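Okay, so here's the structure we're looking at.
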Amino acid sequence: MNISRDKIKLAGNFSGTDKVTHHGYERFYSDFLNRSKINNQILEIGYGEGQSIKFWKRLFPNSFLNIIDLNKSEIGNGYKVFKCDQSSLTDLKKIQKELQSKSIDLIIDDGSHIPEHIILTFNLFFKALLNSDCIYIIEDIETSYWMNSDCYGYPTNYGIESKNSIVNSFCVLAHWLNREFLNEKQKNKLENKVKSLGFNIDTVNSIRSITFGHNCICINKNSKDDLKYLDRDYRFKSKINGFINILKFKKKLKNFLIKLKIYNQI
Ligand SMILES: C[S@@+](CC[C@H](N)C(=O)[O-])C[C@H]1O[C@@H](n2cnc3c(N)ncnc32)[C@H](O)[C@@H]1O
């Protein structure tokens, strides 16, 4: 797949979406969108004025677009808009059921931009709807730095130190990606932290990589093949190696003491 920065810019300017005109996401999308094949369906949270429909159709003319938004339902040429509140688990589950049979290659969360809603949506859609090896993009993470403000009527009181900042939550997941290198106690502690942030463990176990950009996060979904790197007995092997090293050292020490003729005296 070759989705160049220029191609994205052209599609952005043609459609008028602020993805390009304001946010300059072509800087990252030229990388993100080339990570997987996008042949099938796309799901975007957030209709706005409908500009991104034109944007995605221009980039991927053969794909079908599924959009969800608070108070909109519409069927058009190559797209369908579903009425769904992404802050409602009931609504999200309904959409998940409806889209379950589709083959979704790309998900973009450009909805309420509220961290708690983003995690709720990610829990359901990333694991259940996105194809393996494909990408999930979270846009406009700027709201996690907003204090005493609001977005679409929802209060935003986060900031760089906030536990609920979406940036901080995904930074915790960076450690979860490296859980193989933790001992059981550390791993349990981290697992509790991940759960307390609202993440579903099955979902976060399907993450291959997380990339941060200016105002966006891109999450790659793993395939079965990735799991073998987590199933290997990394820590047990290191313990055995440690034990073997102790035995080797004991043997060396014994030989050294024999040489000094003091071994039999102790
Ligand atoms: C930034 S606009 C989307 C822009 C569009 N994706 C584009 O690039 O042209 C965000 C949309 O999210 C919708 N939204 C806000 N809160 C929502 C919620 N709780 N559930 C679903 N959609 C929501 C708003 O109605 C608005 O249409």
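Rule-based calculations on the coordinates, nothing more; no lab input. All values derive from a computational prediction rather than experimental measurement. Note that each Cβ is placed from the backbone with ideal geometry, even for glycine, and that neighbours are counted across all protein chains shown.
Distance between the 7 Å Cα→Cβ label points at R58 and N40: 2.7 nm. For the residue pairs K7/K37; K185/K252; K127/K187; K93/K185, the alpha carbons lie more than 25 Å apart in K185/K252; K93/K185.
Taking amide H as placed 1.01 Å from N in the peptide plane, the amide H of I108 sits under 5 Å from that of L43, E44, I45, I137, each at least 5 places away or on another chain.
Quick one: putting +1 on the C-beta of Lys and Arg, -1 on the C-beta of Asp and Glu, what dipole do you get for the chain around its Cα centre, in Debye to the nearest 20?
About 2420 debye.
For the stretch 88-105, the Karplus equation 6.51 cos²θ - 1.76 cosθ + 1.60, evaluated at θ = phi - 60°, returns couplings of 10, 4, 4, 4, 4, 5, 4, 5, 4, 5, 5, 9, 3, 7, 7, 9, 9, 9 Hz by residue, with Gly and Pro reported as x.
Charge dipole (Cα centre; +1 on Lys/Arg Cβ, -1 on Asp/Glu Cβ; no other charges) of the stretch 116-266 amounts to roughly 2100 debye. Excluding residues fewer than 8 places away in the same chain, name every one of the aspartates and glutamates whose C-alpha is closer than 15 Å to that of K102. Straight-distance partners of K102: E44.
Name the GluC sites (Glu not before Pro) in the stretch 1-86 that are in a loop by DSSP and that have at most 12 other C-beta atoms within 10 Å, would you?
Of the GluC sites (Glu not before Pro), the ones in loops of the stretch 1-86 whose Cβ has at most 12 other Cβ atoms within 10 Å are E49.
Charging the Cβ of each Asp and Glu at -1 and of each Lys and Arg at +1, and nothing else, the dipole of the stretch 1-74 about its Cα centre rounds to 300 debye. The HN-Hα couplings worked out from phi for the stretch 223-232 by the Karplus form 6.51 cos²θ - 1.76 cosθ + 1.60 (θ = phi - 60°) are 10, 4, 4, 5, 5, 4, 6, 9, 7, 5 Hz, whole numbers, x standing for Gly and Pro. Would you mind classifying the stretch 18-136 by shape? Square roots of the alpha carbon gyration tensor eigenvalues, ordered a ≥ b ≥ c; an a/c under 1.5 is rounded, otherwise it is prolate if a/b is larger than b/c and oblate if not. Cα axes put the stretch 18-136 in the rounded bin. Farthest toward the positive end of the dipole of the chain, out of N123, Y152, I258, is the Cα of I258, where the dipole comes from beta carbon charges about the Cα centre. Count Lys and Arg as plus one, Asp and Glu as minus one, and take only other residues whose Cβ is under 15 Å from that of H22; the net charge is then -4. Kindly identify the chain as rounded, prolate or oblate by the Cα gyration tensor criterion: order the square roots of the eigenvalues as a ≥ b ≥ c, call it rounded if a/c is under 1.5, otherwise compare a/b with b/c, prolate if a/b is larger, else oblate. Because a/c hits 1.5 or more and a/b exceeds b/c, the chain counts as prolate. Taking amide H as placed 1.01 Å from N in the peptide plane, C151 has its amide H under 5 Å from the amide H of T156, each at least 5 places away in sequence or on another chain.
Taking a ≥ b ≥ c as the square roots of the eigenvalues of the Cα gyration tensor of the stretch 7-48, is the shape rounded (a/c under 1.5), prolate (a/b larger than b/c) or oblate?
oblate
Scalar couplings 3J(HN,Hα) for the stretch 47-63, obtained by applying the Karplus form with A = 6.51, B = -1.76, C = 1.60 to θ = phi - 60°, are 8, x, 9, x, 5, 6, 5, 4, 4, 5, 5, 5, 7, 10, x, 8, 8 Hz; x denotes Gly and Pro.
Rounded to the nearest 500 deg cm²/dmol, what is the calculated helix-only ellipticity per residue at 222 nm for the chain, with -39500 (n - 2.57) per DSSP H run of length n ≥ 4? Before the final figure, lay out each step's value.
Details: 11 runs with 119 residues, N = 266.
Calculated mean residue ellipticity at 222 nm is -13500 deg cm²/dmol.
Most tightly packed first, judged by the mean number of other beta-carbon atoms within 10 Å of their residues, the peptides 192-199, 222-229 read 192-199, 222-229.
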